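Computed from the coordinates by the stated procedures, all read-outs in this text should not be read as laboratory data. This structure is a prediction, so every number in the text was calculated from the model and none was measured. All Cβ positions, glycine included, derive from the backbone under ideal geometry; neighbour counts span all protein chains shown.
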Amino acid sequence: MLHKLVVAGEGETDMGVCANQQWICTGQDFAPGAVALLLFKLIRQHLPDWNSDNLTAEPAAHLTFIYRAWLKEQSKANKRQVFVGKQVVKGFEVYFRHAVALAEYAKQHDQQMAAYFHDTDKHDWQTLRDAIKAGFRAAEFEQQGLAVVPKPTSEAWFICGVKANPYQHCAQLEAELSGNDRSPERAPKARLGECWDNPDYNRQDLCDLVETLDVTRIDMPSFNNLRDQVKIAIITLCGECRD
Amino acid sequence: MITRFYIDNFKSLVNFDLELSKFTCLIGLNGAGKSTVLQALDFASAIMSGEVEKWLEKRNWNIKSLNSNLTNRNTIKIIIEMEIVSKHYRWHAIFNRAKQQCTWERLGCMNDNSALFGVDDGSYRLYQSMPHQNPILFQYTGSLLSQIKPDLLSDEIQEFKKRLIALRSLDLLSPHLLRQKSRKSDKGDIGMGGEQLSAFIHQLKSDQHNELVRQLRTYYPQVIDIKTTALRSGWIQLEVIEEYPSIRYGVQEIRVEAKHINDGMLRLLAILAQQYSPLETLLFDEIENGINPEAIEKVVDALVASPKQIIVTTHSPMLLNYMTDEVAKESVMLIYKRADGATHATRFFDVPSAAHKLESLPPGSAMLDVYLDQVAQEAERHHAA
């Protein structure tokens, strides 16, 4: 049964922020970000009824948030092993180690899932996603470890739900948008503000937006991959999942 | 301690500047010029001792092949800055290849900008003992300091000279030479390729010998002693005594002659033995060669803690991983070739992408997780800016 999951991200607009000046927080001390809320919504969508009934509608009660700084510190500890090789491509060991550290935390603190968020940005999506999954696998938490890797950034998933023809041809967004917010034409943040008619949106606006999104209709390769991972995790934990 | 080394027109080193710490670790791709840096430092030391010809002979090099193909200059310019008991000194020399001598030299104290020694235009000055210009009426090679009687040199000059001469690059260290029997020598070091190892260990005092055995045992617990024997012919033979449990005898001692000792143990023995040499600055090329990963941590600890100044080159991420972040930030230098072919150095973890990796990875993993050529380009852009 899923009751608790641990998440880590890049900044306060994705997985969230701690209100208590700590590196790790949950419940009232945790202000979940838009991606954490979207993930929670996606999980609830696929959880069997008997399990989702046990999850309150208050995500922070079930989510534990870990700052990347904590993962960085943990990642540095293993000096004996060098992981770059065929499985973890050069340039991606950081994500591999972060995933290992996150999974270790989950296992030690009775968290049934672990989700590591990172935008694809200008990386290769598959390589980044595989490095994170390899980290979960190394920590023997592969099925319950979620590599949350939107392409090119999380805004692409949000744009899908607010653009002129919502949820239509969203896969194109992955190719159209730039992984670089400094690219004026194709910058995901600017494009989201445009679609939404709200160029100065803030963290709370994004969280409110997630409330309105229909996760069943977001059809993008990077989101579908996350959905598949969520389903596998739920089947591992609950023995079944809702389609 | 040497704090800065500058050389111009030595193989790929053109206008090359390197800051040195008590422990410095040079990393970089093959052919970037890491070994050349060690050779150049060794060359500077040979200039100071006046043994340029011998130095070339040992390496089987020709003086003509010393200069860089990247410039047309005939002379090699060297600057060495050294810290001696909280005072800083700078020696600046112009070495003329055709004459095999320094035709221009300056040695001074940087703290008060005082001059100690100078060579210019066929004459020299010792500012404390002989402040007027003295014509050079004799032949010399290398630095003129190598030819002047020590009692004419001030303490400061003597100390600088002594310390620079007490530098040795063991870039030719090889198991083949380490295995050789050697004759007694008064040189007091193991030789450039390690060929004097047996004679060097033979002359150690008993407490030094015991400490060496103790240290070797921490890597190879089966070792109980190192024996050196003076053979009738004058050669010194090196053996390692190992102990193994035996069903028949309880404990069985095995003597292993140098020619059968494994490469890694011999190299380690050579590295450890150096602590008793009178040398002050030691340079090792690809220090990790032949040493099994289990021993690397102790090797790093020993090098970092060594009272001598140590400069090593390495390709081993594991070696770097066992440095603390503070040591790595200070001591790891990236050696790379610029677009024009000249070798350049930069403090590796000062480059933002490497520094960023160091936030999540131990130093060696950070080195392996970046492309060194890209880090070099980044460093170049940084310099240009």
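Tabulated data for the structure shown
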read-out	value
Net length gained if the chain between B:GLN222 and B:ALA339 were fully extended (0.36 nm per residue, minus Cα distance)	37.1 nm
Centroid-to-centroid separation of the stretch B:113-184 and the stretch B:295-330 [C-alpha atoms, Å]	30
Members of A:LYS4/A:LYS231; B:LYS184/B:LYS227; B:LYS77/B:LYS308; B:LYS162/B:LYS184; A:LYS79/B:LYS22 lying beyond 20 Å, as alpha-carbon distances in this model show	B:LYS77/B:LYS308; B:LYS162/B:LYS184; A:LYS79/B:LYS22
Sparse-neighbour loop sites [chymotrypsin sites (Phe, Trp or Tyr not before Pro); the stretch B:212-274; at most 13 other C-beta within 10 Å; DSSP]	B:TYR249
The stretch A:108-147 and the stretch B:207-268: distance between their alpha carbon centers, rounded to Å	50
Descending semi-axes in whole angstrom, ellipsoid equivalent of the stretch B:323-372, from the Cα gyration tensor	21, 12, 8
Distance cut-off 32 Å, percentage of C-alpha pairs in chain B lying past it	40
Helical contribution to [θ] at 222 nm, DSSP H n ≥ 4, -39,500 (n - 2.57), averaged over the protein assembly as shown, rounded to 500	-10500 deg cm²/dmol
Unpartnered cysteines - no second Cys beta carbon under 4.7 Å - across the protein assembly as shown	A:CYS195, A:CYS207, A:CYS238, A:CYS241, B:CYS25, B:CYS102, B:CYS109
Point-to-point label distance, A:ASP49-B:ASN72, nm (Cα→Cβ direction, 7 Å offset)	9.1
Cleavage-rule hits, trypsin sites (Lys or Arg not before Pro), the stretch A:189-243, DSSP coil, Cβ neighbours within 10 Å at most 12	none
Segment B:SER353-B:LYS184, extension gain: residue separation times 0.36 nm, minus the distance between their alpha carbons	55.7 nm
Cα-Cα P(r), the stretch A:59-128, percent of pairs per 10 Å interval	17, 47, 31, 5
Mean projection area, nm², convex hull over Cα of the protein assembly as shown	38.4
Built amide H within the under 5 Å cut-off of B:HIS88, gap 5+	B:MET110, B:ASN111
Separation in nanometres of the label points that stand 7 Å from Cα toward Cβ, at A:ALA164 and B:GLN158	9.0
Label-to-label distance, nm, for residues given as A:ALA69 and B:ILE79 (7 Å Cα→Cβ offset)	4.0
Shape of the stretch A:1-127, Cα gyration tensor, a/c cut at 1.5	prolate
Neighbourhood net charge (15 Å Cβ-Cβ; Lys/Arg +1, Asp/Glu -1) for B:LEU126	-2
Gain upon complete extension [B:SER206, B:ARG248; 0.36 nm per residue less C-alpha separation]	11.9 nm
